[in-house]
Amino acid sequence: MENIKCLIIGGGPAGYTAAIYASRAGLNPVVFEGMEPGGQLTTTTVVENFPGFPEGVDANQLMADMRSQAVRLGADIRSGVITSVDFSKRPFSLVVDGETGIEAQAVIIATGAAAKYLGLPSERKFRGMGVSACATCDGFFYRKKVVAVVGGGDTACEEATYLANICSKVYMIVRRDVFRASQAMRDRVMNTPNIEILWNCNTQEILGDESGVTGARLVRKDGKVFDINVDGFFLAIGHHPNSDVFKDFIDTDENGYIITDGKSSRTSVEGVFAAGDVQDPTFRQAITAAASGCKAALEVERFLMSN
């Protein structure tokens, strides 16, 4: 059975950055990229807020460059999904694609978190063409335009108020007649003049053409169907951290995010570390994921030197 010194699970900004640092430390890291090489960032188009790119950078190119850098420095990057683990003792035992067993002295979990979508065919069709799950990432492209935000929780309210500072108008599509958000966030939305709340509404279809999103077809609770004209459509109905395979062994919060020890990337299992969106319910940015991947690799280096 193959025994790996430093195993990195996940191929997004956190995983690739961890691979870069672990390679430079001589840890011979092996990376399993999972089902979405490049991570969630590859679902967007141009990244405007990653430092070092004054004109912005294509998201897929950014991830390809991170991957190439890790490979050049010595990382062994492989396709495959970790389908089961046993973290009860070291070396840790893991299974790839349900069939291949491997062992690892230290593990960095960088599997990310997947945005929740409505499940509409038109939503998939226009993803990256007006449909987004990150206002901070993509709001800039809708400056002085009209957008819609789906959701009624704190995240939706935060995204809507953020977009209201950029866009001419923001529709909030809320399926109930009340917000689930905290009172402070409700007050902020209600006091923002260019936010219009559409209560008791569900999205039936996202409308668009070859250039992208042009509107949305909504249905009220009473059955009335109507259209709104928007240039962007933002999902803010939550994220699901990709942590299910690890839950029997490491501590997670009530939403499934891996709990790390304070400012460290250490999990509840010695020798297992977590980086990126799988342990970050707050920021969910490429730059913060990359930073946590760096931290995790440095901590793995120290851990292996002392064990």
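FYI, it's all coordinate maths here, none of it is from the lab. Just so we're clear, the structure is a prediction, and the values are computed from it rather than from any experiment. Please note: Cβ atoms are built from the backbone with ideal geometry, for glycine as well, and neighbour counts cover all protein chains shown.
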Cross-link reach from Lys247 to lysines, straight Cα distance under 26 Å and at least 8 residues apart if same chain, gives Lys5, Lys89, Lys116, Lys263, Lys295
Residues of the range 265-301 with amide N under 14 Å of the 7 Å Cα→Cβ point at Asp65:
287
Estimated vicinal HN-Hα couplings, Hz - the range 144-160 in sequence order (Karplus 6.51, -1.76, 1.60; Gly, Pro = x):
6, 10, 9, 9, 10, 10, 9, x, x, x, 4, 4, 4, 5, 5, 5, 5
Distance between modelled label sites at Arg72 and Arg176, nm, 7 Å Cα→Cβ extension
5.1
Zone of Ala184's modelled label, taken as backbone nitrogen in the range 249-285 under 17 Å from a point 7 Å along Cα→Cβ:
282-283
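If we count other beta carbons within 10 Å of each Cβ, what is the order of Met172, Met35, fewest first? Spell out each step's value before the answer.
Values: Met172 27, Met35 11.
If I rank by nearby Cβ atoms, fewest first, I get Met35, Met172.
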If the chain between Val225 and Leu118 were fully stretched, how many nm would it gain, using 0.36 nm times the residue separation less the Cα-Cα distance?
36.8 nm
Which of the cysteines found in the chain have nothing to pair with, since no other Cys Cβ lies under 4.7 Å from theirs?
Cys6, Cys157, Cys167, Cys201, Cys294
Estimated inter-spin distance, Asp253 and Val81, nm [label 7 Å along Cα→Cβ]:
2.6
Near the amide H of Val46, under 5 Å away, which other amide H atoms are found, from residues 5 or more places off or on another chain, if H is placed in the peptide plane?
Ala59
Neighbour-count ranking for Asp248, Asp86 (other C-beta within 10 angstrom, fewest to most) reads Asp248, Asp86
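Using a Förster distance of 22 Å, how high is the FRET efficiency between Thr45 and Lys144, based on the Cβ-Cβ distance and rounded to 0.05?
On the way: r = 19 Å, r/R0 = 0.87.
Once the sixth-power term is evaluated, E becomes 0.70.
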Residue exposure sequence - Ser211, Ser243, Ser182 - by fewest surrounding Cβ within 10 Å
Ser211, Ser182, Ser243
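When only Cα pairs under 8 Å and 6 or more residues apart are kept, what is the percent relative contact order across the range 132-185?
Details: 76 pairs, mean separation 22.2, N = 54.
Relative contact order for the range 132-185 comes out at 41 percent.
When the convex hull of the Cα atoms of the chain is projected onto a plane and the area is averaged over all directions, what value comes out in nm²?
Working: hull surface 67.6 nm².
Spelled out: convex hull of the Cα atoms, projected over all directions, averaged, 16.9 nm².
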Label 7 Å along Cα→Cβ of Glu55; the range 114-147 residues with amide nitrogen under 19 Å?
141
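If packing is taken as the average number of other Cβ atoms within 10 Å across a peptide's residues, how do 297-307, 23-33 rank, most packed first? Walk me through the numbers on the way to the answer.
Working: 297-307: 16.0, 23-33: 20.3.
Put in order of decreasing packing, that is 23-33, 297-307.
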Mean Cα-pair separation over length for the range 117-235, i.e. relative contact order, pairs under 8 Å, 6 or more apart, %:
30
Considering Cα pairs under 8 angstrom that are at least six residues apart, work out the relative contact order of the range 22-115 and quote it in whole percent.
27
